[in-house]
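Note sheet for the following structure.
The values are calculated or read from the model by the stated rules, or taken from the named source; none is laboratory data. These numbers come from a predicted model, not from an experiment. Counting neighbours? That spans all protein chains shown, and the Cβs are built from the backbone with ideal geometry, glycine included.
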Amino acid sequence: MAIDVTDATFQTEVIDRSATATVIVDLWAPWCGPCQTLGPIIEKVVAETHGKAVLVKVDIDQNPGIAQAFRVQSIPMVVGFVDGQPVDAFMGAQGEHEVRQFVERLLPTPEDNLLHSLVAAGDEASLLQALEMDPGNEDAIVALAELLIARGDNDEALALLSRIPEDDRTRHLAAMARLGEAPDDDHDATLTALLDQVKDDDDARQQFIDILELMGAHDPRTAQYRKLLTARLF
């Protein structure tokens with residue numbers, strides 16, 4: 001059964017839900033004849049997935065925000081979402097065979113399911129197996145790096161993290177790995193001493209930045225020390 005989605009519920013019912021199931025978005029309007037033809041077909045095909053895919057319907061007349069976001073020029077328009085992102089789409093009425101092919105392309109394969117279960121298991125053996133299947137899997141790399149850092153294999157963790165793009169998660173873990181057993185203090189003395197070295201010493205500058213990373217944006221001193229760093233560098 002299809003879920004009616006509005007501008008207000010799109011984030012929850014489509015973006016968030018697509019983290020756990022494929023979401024098929026049917027953009028339509030009551031006056032659209034081809035939409036009435038496509039509707040029963042797509043409902044039948046999605047129902048056959050037994051929950052692996054979810055169908056949501058958006059009346060574009062009632063939800064102009066969604067229509068604008070998709071730049072809808074013609075309906076019916078059908079968009080498939082996986083992991084919060086639109087990954088495939090078609091426009092116009094399609095037959096049952098074409099709709100089934102579209103939906104099947106979006107569903108996870110047995111290999112996808114195995115990979116997900118290995119990453120979810122989270123132990124080292126499972127994560128290594130996941131990386132054999134998908135060497136660039138960011139979730140597996142981050143999880144394995146956490147395990148390596150926890151037991152002190154910091155160089156190995158840094159090498160692993162270098163395989164994926166930097167983001168908030170990897171920056172924090174890399175800082176932990178580079179600092180190793182950082183002193184459990186308020187960091188003020190260390191940061192103050194490093195300020196005199198940051199301009200000409202790459203290692204001192206990296207240590208300074210790593211300490212700020214571990215302190216985090218929630219610490220009011222972080223912004224203050226970043227300003228001091230900028231002043232010393234420029």
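Among strands (runs of 3 or more DSSP E) lying entirely in region 16-107, which contain 1 or more residues that are more than 18 Å from residue 5 (Cβ to Cβ)? Even if it seems obvious, please write down each step before you answer.
Details: elements: 22-28, 53-59, 77-82, 85-91.
Because the criterion is at least 1 residues that are more than 18 Å from residue 5 (Cβ to Cβ), the strands (runs of 3 or more DSSP E) in region 16-107 that meet it are 85-91.
Scan 46, 82 and give me the residue that is outside the structural domain of residue 116 (by TED's automatic domain parsing) and under 24 Å from the mean Cα position of the chain (by Cα). Reasoning before the result, please.
Working: 46 fails: under 24 Å from the mean Cα position of the chain (by Cα).
Sole residue among the options that is outside the structural domain of residue 116 (by TED's automatic domain parsing) and under 24 Å from the mean Cα position of the chain (by Cα): 82.
Tell me, yes or no, whether region 7-24 has at least one residue that is under 20 Å from residue 90 (Cβ atoms) and either over 24 Å from the mean Cα position of the chain (by Cα) or not assigned by TED's automatic domain parsing to the domain that holds residue 96 (or both). No - not one qualifying residue is present in region 7-24.
Counting only helices (runs of 4 or more DSSP H) wholly contained in region 162-225, the ones carrying 2 or more residues that are in the same structural domain as residue 151 (by TED's automatic domain parsing) and in contact (Cβ under 8 Å) with a residue 24 or more places away in the chain occupy 168-179.
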